[in-house]
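Notes follow once the structure below has been shown.
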């Protein structure tokens, strides 16, 4: 169980994965993954490209079904069919490139697919005033202040766009927020904006799954860290159990690099002193929850 | 072209962008916000064209002439509206031009061959037109092919069907006149009558056009469905991810084009009594042109119904204005092309000014 | 199960019956197909000569009423002469040339071709002649058929027809004519207007319209009439456009009269009613008929019209209120 100062151990996790795996035909994309998401806690999923991060979030967000292990929501084993099923259970996903429709105004984007209406059919129409007011309120609650909700969302910065998508998911009843590399395409400053809103979402009691390959970003907001490598767990540790350096090493394929160190040491001109010894690294698998 | 250059500098230069503050966006100036509306560019272009012909062609100034221009604009404009909606939804319909003729042929042949009241033919034609739209949409959604290809296929098929079925059924390539049949006068009153407004005889299609434009604009800006149209055209995957019924939206948009084709087809039938089966080819591009001049983006996700109305009106002004100005007809098409291109450039320039950060 | 299926079937039958009744209730009391007499066209016995194959290749644009008559004439002759007629057309000259090549490949016994764009057709026509296939011309190419070695030619000299219309308008006392061209750049259409202009003593204006879009034709003619009130005659180059022009005249409140080249069924009625002043007919049915019949005669008896030097002129034949009754009944059958 992840230890966290703000959340007591009595709080029941919303999402629990134990020994989950996924095979596409003969290819075993993912196996033996354990993951827990509790309310008010940020779980970071790290890993290099091809480590299995996207397969993992596809399972949790309902795009794909797992083929082994158990996936529990609120303690109940589930098998999600579509993203709509996941949404109905309070799991919302904000994709890096799929968050918004750039040319549409902010408030239309905010309510897209769940518009507020008034009047009877055939005169049922959008309740624009109420939607704008609500959107403004919700964005302010997340600490996002926009002067003009009519501006196309594409004219906002990348960080702001992600933030609007996060606020939107929160408003529509998400209990668990999956953020797929929200900072990947952003500059330092914009990344900071997004991290701020991740913290804001956590403080509102949401469970957050933050997928990234930047350990610095992860360490700034994460309560628990899961590192994937080659389709399985490389590390699963609470914040108190792991330092940023260790996290960075695991991300960089630490154990492999250490093994490589010996070979590199024989080549002159390569400074191997900065690389860690295998014995310095924490054990590859975290203590079972 | 000369007039477009004269008028271009009339638009105000963009205000310098205020510095952005962290977490907040700068307030956009009122002028900038006005310029960002899709119909502003075309409105400026249309005013320029209007002033130009008003100056050079005395006949253009008469109220009667305006009625003629409006009539020409309305027959393009009624179709351009659903075509614009479809374009905002991210798709094209190349079968729209021949679809009009298909609808007219259907109504004419059903009424004549079965000796039915013409309203029966009108109803059957509506069903056929909607079905063609639904088929276009269904094929698009199911196959995932670009709409350009799917509707190019239906365009060719309809062209062949129009000819072959007409020839098969009537033995001729044009339908028989239905002007002496029951219900013809009623239908003519609905689809093709003249109404006198302030002493000027105006074709009823002009009123229908404006009514349809109001409905289209309302649907687009004030309803859930309109929101979905912008979303499926702007970013289909995002729309799907947030629960917008993408397939439903696209199919119904194609059906709206079918409805437009039906209406214009009925107008042609009741205005001219017979239908030539080979007509309509090439008009689909005029509809698309009107929508694009009216500020719709070819790539989807942006545009307006009002802009499309002005786009069709501008097209009508240019086609008729050249006649009123009594220019050498050998150059007709060239003038037309240059003026349309000029208007589109003004439109583009203004939009660029508006969206520049 | 049995019962439910039967009930469903009964219900379906009932629904159909109700639909049929509903439709019957909507039947039109006037006009329609029932009112039109059964049109059988012309039939003239059947030759017992050996069956041959003839290709007719024209520059018809799809769905043109005029060409439909040419084709019907050709079919009537083919039926009579025991000929298998292969009709094909393409308004694009290169494609039309390909169609001729296709006929040569099929080893047909005769080719009837229109030479609307003669230069493009030159090569394939020569090829057909080298292969020993007799080639006759129709409708277009009156200036070049001899040069290209065609056997005979059936058609109307467009310039002469235009001049005849010009003369006729002088005679009727018209002052200002607008000649409506429905396809910009079409040589024979331009020739007609040029002919009118040459012999007509008043002013002749040209007006180009989009022949693919009737409402556009209508409003453009209206605009022209509004622009110039001195216009007292609208000359169109195809029957459907004349009918539209009559609407434009009334929309514009103009006093102009309408005359046209070519005929069709509705136009005959319009001439009878006096809505259209006159039409000049080049007898397309005759062109098609004679071209096929001419090939048959050449094959079976070595005859050819005009002795290889003069064309067979099928027009211009004027149709006005005085003589329209005589052809009205043929037009009703769709053969004039």
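The values are calculated or read from the model by the stated rules, or taken from the named source; none is laboratory data. No experiment lies behind these values; they were computed from the predicted model shown. Backbone-built Cβ (ideal geometry, glycine too); neighbour counts: all protein chains shown.
Considering only helices (runs of 4 or more DSSP H) fully contained in segment C:31-122, which possess at least 1 residues that are modelled with pLDDT under 90 and buried (at least 24 other Cβ atoms within 10 Å of the Cβ)?
Once the helices (runs of 4 or more DSSP H) in segment C:31-122 are filtered for at least 1 residues that are modelled with pLDDT under 90 and buried (at least 24 other Cβ atoms within 10 Å of the Cβ), what remains is C:65-80, C:93-105.
Note on segment A:16-56: among residues that are in contact with a helix residue (DSSP H, G or I) (Cβ under 7 Å, 6 or more places away or on another chain) and more than 25 Å from residue A:198 (Cα to Cα), the one that is surrounded by the most Cβ atoms within 10 Å (Cβ to Cβ) is A:30. Of the residues contained in segment B:268-287, one or more are found to be part of a helix (DSSP H, G or I), at pLDDT 90 or above and closer than 16 Å to residue B:89 by Cα. Residue B:214 meets the conditions (1) away from chain A (no Cβ under 14 Å); (2) closer than 27 Å to residue B:65 by Cβ; (3) within 21 Å of the chain's Cα centre (by Cα) in every case but one. The failed one is (1).
Answer yes or no: is there a residue in segment B:225-244 that is within 14 Å of chain A (Cβ to nearest Cβ), assigned to a loop (DSSP other than H, G, I, E, B) and touching a residue at least 60 places away in the same chain (Cβ under 8 Å). The answer is yes; a qualifying residue exists.
Taking residue C:235 as the residue in question, decide whether it is more than 9 Å from chain B (Cβ to nearest Cβ), at pLDDT 95 or above and touching a helix residue (DSSP H, G or I) at 6+ places or on another chain (Cβ under 9 Å). So residue C:235 passes the test.
From the list A:85, A:136, which residue is assigned by TED's automatic domain parsing to the domain that holds residue A:61 and either surrounded by fewer than 16 Cβ atoms within 10 Å (Cβ to Cβ) or over 22 Å from residue B:224 (Cα atoms) (or both)? Don't jump to the end; show me each part of the working.
Working: A:136 fails: either surrounded by fewer than 16 Cβ atoms within 10 Å (Cβ to Cβ) or over 22 Å from residue B:224 (Cα atoms) (or both).
Result of the check over A:85, A:136: A:85.
Return yes or no: is residue B:247 under 27 Å from residue C:270 (Cβ atoms), out of contact with any strand residue (DSSP E or B) (no Cβ under 6 Å at 6 or more places or on another chain) and surrounded by fewer than 24 Cβ atoms within 10 Å (Cβ to Cβ)? Spelling it out, it is not the case that residue B:247 is under 27 Å from residue C:270 (Cβ atoms), out of contact with any strand residue (DSSP E or B) (no Cβ under 6 Å at 6 or more places or on another chain) and surrounded by fewer than 24 Cβ atoms within 10 Å (Cβ to Cβ).
In the set A:140, A:202, A:175, only one residue is more than 9 Å from chain B (Cβ to nearest Cβ), within 30 Å of residue A:14 (Cβ to Cβ) and without any contact (Cβ under 8 Å) to a residue 12 or more places away in the chain; that residue is A:140. On inspection, residue B:206 does not qualify as more than 8 Å from every other protein chain (Cβ to nearest Cβ) and either surrounded by fewer than 19 Cβ atoms within 10 Å (Cβ to Cβ) or part of a strand (DSSP E or B) (or both). Within segment A:111-132, restricting attention to residues that are in a loop (DSSP other than H, G, I, E, B), facing chain B (nearest Cβ under 8 Å) and touching a strand residue (DSSP E or B) at 6+ places or on another chain (Cβ under 7 Å), the residue that is surrounded by the fewest Cβ atoms within 10 Å (Cβ to Cβ) is A:124. Considering only segment A:27-46, I want to know if a residue exists there that is part of a helix (DSSP H, G or I), assigned by TED's automatic domain parsing to the domain that holds residue A:72 and under 18 Å from residue A:218 (Cβ atoms). Within segment A:27-46, none of the residues are part of a helix (DSSP H, G or I), assigned by TED's automatic domain parsing to the domain that holds residue A:72 and under 18 Å from residue A:218 (Cβ atoms). Every residue in segment B:93-121 that is away from every other protein chain (no Cβ under 11 Å) and either assigned to a helix (DSSP H, G or I) or over 30 Å from residue B:229 (Cβ atoms) (or both), please. Of everything in segment B:93-121, those that are away from every other protein chain (no Cβ under 11 Å) and either assigned to a helix (DSSP H, G or I) or over 30 Å from residue B:229 (Cβ atoms) (or both) turn out to be B:96, B:99, B:102, B:103, B:106, B:107. In this structure, is residue B:280 at the interface with another protein chain (Cβ under 8 Å from one of its Cβ atoms), buried (at least 23 other Cβ atoms within 10 Å of the Cβ) and under 29 Å from residue A:180 (Cα atoms)? When the stated conditions are applied, residue B:280 does not pass them. Of the residues making up segment C:138-165, just one is free of Cβ contacts under 8 Å to residues at least 60 places away in the same chain and within 19 Å of residue C:90 (Cα to Cα), namely C:141.
Rundown of residues vs (1) at pLDDT below 85; (2) out of contact with any strand residue (DSSP E or B) (no Cβ under 7 Å at 6 or more places or on another chain); (3) within 11 Å of chain C (Cβ to nearest Cβ), yes/no style:
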{"residue": "B:291", "(1), (2), (3)": "no, yes, no"}
{"residue": "B:296", "(1), (2), (3)": "no, yes, no"}
{"residue": "B:301", "(1), (2), (3)": "no, yes, no"}
{"residue": "B:305", "(1), (2), (3)": "no, yes, no"}
{"residue": "B:314", "(1), (2), (3)": "no, yes, no"}
{"residue": "B:317", "(1), (2), (3)": "no, yes, yes"}
{"residue": "B:320", "(1), (2), (3)": "no, yes, yes"}
{"residue": "B:329", "(1), (2), (3)": "yes, no, yes"}
{"residue": "B:338", "(1), (2), (3)": "yes, yes, no"}
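Of all the numbered requirements in (1) in contact with a helix residue (DSSP H, G or I) (Cβ under 7 Å, 6 or more places away or on another chain); (2) surrounded by fewer than 24 Cβ atoms within 10 Å (Cβ to Cβ); (3) part of a helix (DSSP H, G or I), residue B:156 misses one, and that requirement is (1).
Counting only helices (runs of 4 or more DSSP H) that sit completely within segment B:1-92, those holding 1 or more residues that are in contact with a helix residue (DSSP H, G or I) (Cβ under 6 Å, 6 or more places away or on another chain), modelled with pLDDT of 50 or more and within 14 Å of chain C (Cβ to nearest Cβ) correspond to B:38-56, B:63-88. If you check C:194, C:252, C:223 for being facing chain B (nearest Cβ under 8 Å) and over 27 Å from residue B:277 (Cα atoms), only one passes: C:252. If you check A:103, A:146 for being more than 23 Å from residue A:177 (Cβ to Cβ) and not in a helix (DSSP H, G or I), only one passes: A:103. Among the residues of segment C:287-309, the ones that are more than 20 Å from residue C:76 (Cα to Cα), touching a residue at least 24 places away in the same chain (Cβ under 8 Å) and part of a helix (DSSP H, G or I) come to 2 in all.
Residues that are more than 15 Å from residue A:48 (Cα to Cα): which strands (runs of 3 or more DSSP E) entirely in segment A:177-252 hold 3 or more of them? Break it down stepwise before answering.
Working: elements: A:207-212, A:224-229, A:232-238.
Counting at least 3 such residues, we get A:207-212, A:232-238.
Taking each residue of segment B:152-167 that is at the interface with chain C (Cβ under 10 Å from one of its Cβ atoms) and looking for partners that are part of a helix (DSSP H, G or I) with beta-carbon atoms closer than 8 Å, six or more apart or interchain, yields B:159/B:98; B:162/B:98; B:162/B:101; B:162/B:102; B:162/B:105; B:166/B:105; B:166/B:109; B:167/C:68.
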